[in-house]
1. With a cut-off of at least 2 residues that are at negative phi, more than 20 Å from the chain's Cα centre (by Cα) and at pLDDT 80 or above, name the helices (runs of 4 or more DSSP H) lying wholly within region 226-338.
2. Could you list all residues from region 128-138 that are more than 15 Å from residue 188 (Cα to Cα) and in contact with a strand residue (DSSP E or B) (Cβ under 8 Å, 6 or more places away or on another chain)?
3. Can you tell me which residue in region 42-56 is modelled with the lowest pLDDT, limited to those that are under 30 Å from residue 124 (Cβ atoms) and touching a helix residue (DSSP H, G or I) at 6+ places or on another chain (Cβ under 8 Å)?
4. Say whether the condition of being within 23 Å of residue 279 (Cβ to Cβ) and surrounded by fewer than 22 Cβ atoms within 10 Å (Cβ to Cβ) is met by at least one residue in region 201-212.
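The values are calculated or read from the model by the stated rules, or taken from the named source; none is laboratory data. Because the structure is predicted, anything quoted here is derived from the model rather than measured. As a convention, Cβ positions derive from the backbone with ideal geometry for all residues, glycine included, and neighbour counts pool all protein chains shown.
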């Protein structure tokens, strides 16, 4: 199992400065105490030549047919957390990523969203009615203010003070999860103005592997343990081996179980694992999977936990439809751009195979098909107007070349 890491730990809140926005509304974000950031081109370098993962659905209009999802890279999901990152913070961060998704590839872009709409969304999806009330917001160690939507602003403050360390085969980095305007004028406007660090946005947009998290499912889960466990296990739902085995210490670390609590296996099961898994399974239709688990003994004591993730039948059907739509889009793009998909090489029709067998009696057409497809990939996956004609022409050239060299012909 890969290294579990997302140490999100408390950090000193950075001081940001913004250059005036350009015509597109984008700004350059700089740390006051550091030199200017490295320049970024558009699109971000990690996206060149690679498709951008797609978010789905509408954040504000839940739908069972088109779920609201965000592809989040595994190093952000399968993580060790240290710091003030609560279940509410996880839900809010995911919602803000979905809200900002279409503009994430614009470095320094300031995103905005209505605080009232966020409060109403949480009320509609999760039933929470405490996010819009008045309360005290601690802005600095010495300054606090009374404000509307206090719990929501408190969550925003925690996100800004939480850092994430991430790594994969090519990148290692550390960033704050969020940047936000916290001044009274911004709060009185009823809108949240927020940013994502360009490096973090680049990592989210171009991950090597990701988990597709359902934003509304996360918002519906009430237990902090259920939220974290859902996000982690979703990463295993589409794997060939959909089980996840971790030490009890690792699981406690993922879920932020207090060191002094539930130290006995039966208590961990009764008060942490069973309620969290029961809650996830109660939303299986929307999450698309169910979870089971068992303790693994190491000697006489339990030392590990093995989770089993099973996709629902509806999810299998939905994924088949998505794959079919992706293939159809790839074929359309192939026709428009003249470049084919290397994973979907051209295939000769039955008529072409009949002509092959009649022309070269006793020869194996499938060996020739394989050689032809290899050449097609090597030559740049050019879109073919007549795959049948190209295949037969390749076969004729192959046999002539082999005859000329006196080499052994295909059996």
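1. 248-255, 265-268, 274-282
2. Step one: list which residues in region 128-138 are more than 15 Å from residue 188 (Cα to Cα), which gives 128-131, 138.
Selection gives 138 alone.
3. The selected residue is 52.
4. For region 201-212, residues within 23 Å of residue 279 (Cβ to Cβ) and surrounded by fewer than 22 Cβ atoms within 10 Å (Cβ to Cβ): present.
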